[in-house]
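Colleague: A single structure is presented below for examination.
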Amino acid sequence: METISHLNSAILSPTSPESSKLAASLICSLAMLDKNKAKFGVAGTIHSLVKAVSGPRGPAAHHLLSSLAELVLFHGNCTVAVRSGVVQVLIDVVESTDGEDLAGTSLAILGLLARFEEGLNALRKTDQIVSSMLEVLKGRSMLSKEGAAEILLRLFEESEGCVRDALRMPEFSSVLADLSVRGAGRAREKAVASDDNGRLGNAFSPTVEKEFPAPAVETSSSPILMENVFVPAYLNLEFD
């Protein structure tokens, strides 16, 4: 415990960014052993990491987030992290302009937290969570889009309120449709839902997906017909 206490102090040190970076890297490495995850949680490492991430962004930021991602794989640490206010801290990182890599990692951690009831409830209670994830889907980073889509899937499966919030947003369907066509593989899979795996389309309707022919895309030489794509039926709904 004494060693962990020293590491906790190091990651919170404002005068030695390099020490914080090394300490976070060591925590991440040690936490890869499952038996160590609980020890870090009991020793206050989760709280220290959340506090460090909430501060000014420094060279250790990515290492701090990586350590947090490894530790919250353990359910008990997820509970500690949520009680330490990690959800809002990570949302703040996502909404900042400090770097897409930090946002992507933060969204991945939020996705891990959402696997457990405590994390999902905290996300559901976060103000404007659906709107925040929509802004991510409108961005350029595919890693971030994948994380945001994963979070929305879990929210829609558990919260009718989040579904209603999404349906009130005029841009939501078009943004999701664009991601389902133009997104990278994993992000596209999460945007285009299928009945047998309980993804996004099922959160709106249990009906099957609707096939439609994709439009031709004009190029400088000749039109190229994109392959047929599948879009959830709810994307074709009209709203008042």
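Colleague: I'd like the full set of residues that are surrounded by fewer than 16 Cβ atoms within 10 Å (Cβ to Cβ), over 17 Å from the mean Cα position of the chain (by Cα) and farther than 14 Å from Glu118 by Cβ, limited to the range 59-99.
Modeller: Listed by number, the list holds a single entry, Pro59.
Colleague: Tell me which residues, restricted to the range 102-127, are in contact (Cβ under 8 Å) with a residue 40 or more places away in the chain and within 19 Å of Ala60 (Cβ to Cβ).
Modeller: Pass one, the range 102-127, residues in contact (Cβ under 8 Å) with a residue 40 or more places away in the chain: 102-107, 109-114, 116, 118-119, 122.
Within the range 102-127, Leu102, Ala103, Gly104, Thr105, Ser106, Ile109 meet the criteria.
Colleague: Mind listing whichever residues of the range 5-42 are farther than 20 Å from Gly55 by Cβ and touching a residue at least 12 places away in the same chain (Cβ under 8 Å)? Please lay out each step first, then the result.
Modeller: Step one: filter the range 5-42 for residues farther than 20 Å from Gly55 by Cβ, giving 29-39, 41-42.
The answer is Ala31, Met32, Asp34, Lys37, Ala38, Lys39, Gly41.
Colleague: Among Thr105, Thr97, which is of a type in the set (Ser, Thr, Tyr) and part of a loop (DSSP other than H, G, I, E, B)? Before you say what the answer is, go through the steps one by one.
Modeller: On the way: Thr105 fails: part of a loop (DSSP other than H, G, I, E, B).
Being of a type in the set (Ser, Thr, Tyr) and part of a loop (DSSP other than H, G, I, E, B) holds for just one of Thr105, Thr97, which is Thr97.
Colleague: Specify which of the listed residues (Ser106, Ser48, Ser96) is closer than 25 Å to Glu2 by Cα and either hydrophobic (A, V, I, L, M, F, W, C) or not assigned by TED's automatic domain parsing to the domain that holds Met142 (or both). Walk me through it before giving the result.
Modeller: Values: Ser106 fails: closer than 25 Å to Glu2 by Cα; Ser96 fails: closer than 25 Å to Glu2 by Cα.
It is Ser48.
Colleague: State all residues of the range 9-62 that are within 22 Å of Arg83 (Cβ to Cβ) and in a loop (DSSP other than H, G, I, E, B); if no residue qualifies, say none.
Modeller: Hits for the range 9-62 are Leu12, Ala43, Gly44, Gly55.
Colleague: For a quick check of your reading: which helices (runs of 4 or more DSSP H) sit entirely within the range 128-176 and have at least 1 residues that are out of contact with any helix residue (DSSP H, G or I) (no Cβ under 6 Å at 6 or more places or on another chain), more than 19 Å from Arg115 (Cα to Cα) and at pLDDT 85 or above? Step through it out loud before you land on a result.
Modeller: Numbers: elements: 129-137, 142-158, 160-167.
By residue number, 129-137, 160-167.
The values are calculated or read from the model by the stated rules, or taken from the named source; none is laboratory data. This is a predicted model, so every value here is computed, not measured. Every residue, glycine among them, receives a Cβ derived from its backbone with ideal geometry; neighbour counts consider all protein chains shown.
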